[in-house]
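S.K.: I have a structure here, written as structure tokens, and I will follow up with some questions on it.
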Amino acid sequence: MPDPTITLLCDLIAIDSVNPALAPGGGGETQIAEAVAARLRAGGIDVQAQEVAPGRSNVIGVLEGKHKGRSIMFCGHMDTVGVIGMEAPFDPVRKHGRIYGRGSQDMKGGLASMIAAALHLAGKGGLRGGRIVVAAVVDEEYASIGADALVSQWKTEAAVVGEPTDMNVAVGHKGFQWVEITTEGVAAHGSRPQEGRDAILRMGRVLARLEKLDREIQSRLPHPIQGTGSLHASLISGGRELSTYPDRCTVQMERRTISGETADCALSEVAQVLQKLRDEDPEFKAFMKFIFGRPPYLTPADNDLPSLIEAAIARRGVKPVRAGMSFWTDAAVLGEAGIASVVFGPGGAGLHSTTEYVLENDVLTCRDALIDLATEFCG
């Protein structure tokens with residue numbers, strides 16, 4: 001008979017919550033939000049739904065302590081990336097201490113740990129002091145509209161974001177910026193090179209300069225927590241047909257950022273690349289636009305949350321490791337709203353891949369550590 005936390009996790013994996021902004025036809029968060037809300041209510045926790053967009057609502061569970069104390073938020077996202085290439089993405093499989101399925105590690109494992117921790121405290125006579133807010137949010141995998149809406153109405157003194165960190169206590173992570181670049185050519189019959197201008201070949205010049213820029217960025221002195229920035233070309237499109245000179249080519253690129261870099265560094269770097277290419281060739285035509293971005297994050301150095309989590313982990317027999325994460329999380333949104341946040345969650349493998357799993361024991365250890373943390377932090 002599996003632990004109730006593992007049963008909860010498997011129930012969550014079995015729900016299609018693919019982000020519809022990433023994969024048209026994805027299940028979205030409606031069904032999983034209903035399941036999370038029902039589980040919290042059944043455990044005696046007050047629940048509110050916060051509509052963020054039509055059919056997409058955050059679930060907020062609140063457990064009040066018996067006396068005054070500090071407040072802490074357990075924050076996790078309900079949406080997942082797509083499932084192309086997966087045979088049975090919503091069929092959770094337990095095997096050799098692992099639980100397989102889409103979202104198992106990213107991040108239904110962490111979400112199950114947080115829900116179970118709050119339910120445990122609610123069932124043990126309630127919380128001594130303070131307040132726990134369990135926030136299950138929408139859309140982290142795309143634009144984090146759920147976290148933006150959350151912090152507009154809910155504030156706590158600290159937060160744990162349960163993304164998978166391999167049980168490390170993550171006190172910072174990178175940000176990102178998305179930029180679209182378009183090169184222009186002249187459409188013409190493929191047999192008439194004197195009339196045509198190849199936009200795809202011109203984009204090749206841009207890509208060569210971006211590759212050189214990426215090497216330079218990654219050679220810089222790394223940030224002690226966040227490492228170095230980087231960039232890559234994510235998506236490319238262009239051309240009309242085989243026998244026609246392409247008059248347009250578009251690349252969408254991502255620039256990963258670290259603290260100390262400006263909010264428009266990607267746009268500024270691309271502008272310099274394009275201007276140099278124009279200087280070299282007066283016929284070169286290209287333009288760019290900013291798509292979207294999020295800042296990097298660092299937990300305030302003087303905050304006691306990281307050390308309290310480390311102590312809780314150590315009591316559960318795990319050696320605590322403080323680190324930074326390469327991926328972006330909603331901790332940056334919470335942090336900008338004044339909520340000191342740490343990222344902490346179970347280990348596993350296969351984030352965004354066709355074979356994703358989370359470690360069962362880690363899920364349970366995370367739950368137990370969060371119980372200890374909330375008890376200590378809230379007072």
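S.K.: Percent relative contact order of the chain, based on C-alpha pairs within less than 8 angstrom and at least six residues apart?
M.R.: 24
S.K.: Can you tell me which of K155, K95, K174 moves the most in a GNM of the chain? Springs connect C-alpha atoms under 10 Å apart.
M.R.: Judging by the Gaussian network model, the answer is K95.
S.K.: Go through the range 157-169 residue by residue and turn each phi into a ³J(HN,Hα) via Karplus (6.51, -1.76, 1.60, θ = phi - 60°); whole Hz please, and just put x for glycine and proline.
M.R.: Result, rounded to whole Hz: 7, 7, 8, 10, 9, x, 5, x, 10, 6, 6, 6, 9.
S.K.: Now a separate question. For V321 paired with D46, estimate the spin-label separation in nm (one decimal), with each label point 7 Å from Cα along the Cα-to-Cβ line.
M.R.: Calculated label separation equals 4.1 nm.
S.K.: Output wanted: per-residue J couplings in Hz (rounded whole) for the range 254-267, from phi through Karplus 6.51 cos²θ - 1.76 cosθ + 1.60, θ = phi - 60°, x for Gly and Pro.
M.R.: Running phi through 6.51 cos²θ - 1.76 cosθ + 1.60 with θ = phi - 60° gives 10, 10, 7, 10, 10, 4, x, 8, 6, 5, 10, 5, 5, 5 Hz.
S.K.: In the chain, if the dipole is taken from +1 on Lys/Arg beta carbons and -1 on Asp/Glu beta carbons about the Cα centre, which of M253, A117, M325 is farthest to the positive end?
M.R.: A117
S.K.: Also, quick follow-up: When the chain is treated as a GNM, springs tying every alpha-carbon pair under 10 Å, which of K68, K319, K124 comes out with the largest mean-square fluctuation?
M.R.: K124
S.K.: For the range 262-339, with every protein chain kept in place, what is the accessible area per residue (1.4 Å probe, Å²)?
M.R.: On a per-residue basis, the range 262-339 sits at 52 Å².
S.K.: Ok, one more. Comparing M114, M78, M325, which has the greatest mean-square fluctuation in the GNM of the chain with Cα pairs linked when under 10 Å apart?
M.R.: M325
S.K.: Roll a 1.4 angstrom probe over the protein heavy atoms and tell me the percent of accessible area of the chain that is carbon or sulfur.
M.R.: Reported share for carbon and sulfur atoms: 52 percent.
S.K.: Quick one: of the DSSP bridges fully inside the chain, what percent are antiparallel, nearest 5?
M.R.: The antiparallel proportion sits near 70 percent.
S.K.: Here's something else I'd like to know. About its Cα centre, what dipole magnitude does the chain give when the only charges are +1 on Lys and Arg Cβ and -1 on Asp and Glu Cβ, stated in debye to the nearest 20?
M.R.: So the magnitude is around 520 debye.
S.K.: Let me ask you something else. Greater than 22 Å separation of Cα atoms is the criterion. Which listed pairs, K95/K319; K155/K289; K212/K276; K95/K124; K68/K319, meet it?
M.R.: The pairs that break the limit, which is 22 Å between Cα atoms, are K95/K319; K155/K289; K95/K124; K68/K319.
S.K.: Something else now. Each residue of the range 223-233 in turn: what ³J(HN,Hα) in whole Hz from Karplus with 6.51, -1.76, 1.60 and θ = phi - 60°, glycine and Pro shown as x?
M.R.: Per-residue couplings from phi come out as 5, x, 9, 9, x, 10, x, 6, 8, 8, 7 Hz.
S.K.: Take S219 and E87, extend 7 Å from each Cα along the Cα→Cβ direction, and tell me the distance between the two endpoints in nm.
M.R.: Roughly 4.6 nm, to one decimal.
S.K.: Enumerate the amide H contacts of D3 below 5 Å, restricted to partners 5 or more residues apart or on another chain; note that Pro and chain-start residues carry no placed amide H.
M.R.: none
S.K.: Determine the relative contact order of the range 146-241: mean sequence separation of Cα pairs under 8 Å and six or more apart, normalised by residue count, in whole percent.
M.R.: Reported as a whole number, the value is 20 percent.
S.K.: Rounded to the nearest 0.05, what FRET efficiency is calculated for R248 and A311 with R0 set to 45 Å and r the Cβ-Cβ distance?
M.R.: Given R0 = 45 Å and the Cβ-Cβ separation, E is 0.20.
S.K.: Turning to a different aspect of this structure: Kindly provide the helix-only [θ] at 222 nm of the chain, computed as the sum of -39,500 (n - 2.57) over DSSP H runs of four or more divided by all residues, to the nearest 500 deg cm²/dmol?
M.R.: My calculation for the chain gives -10000 deg cm²/dmol from helical runs alone.
S.K.: Right, another one. Expressed as an acute angle from 0 to 90° and rounded to the nearest 10, what is the orientation of the C-alpha long axis of helix 360-378 relative to the principal long axis of the chain?
M.R.: So the helix axis and the longest Cα principal axis differ by about 70 degrees.
The values are calculated or read from the model by the stated rules, or taken from the named source; none is laboratory data. In this text, all values refer to a predicted model and were calculated from it rather than measured experimentally. Every residue, glycine among them, receives a Cβ derived from its backbone with ideal geometry; neighbour counts consider all protein chains shown. Heads up: the accessible areas ignore ligands, DNA and RNA and are worked out on the full protein's heavy atoms, side chains in. Shrake-Rupley method; radii C 1.70, N 1.55, O 1.52, S 1.80 Å.
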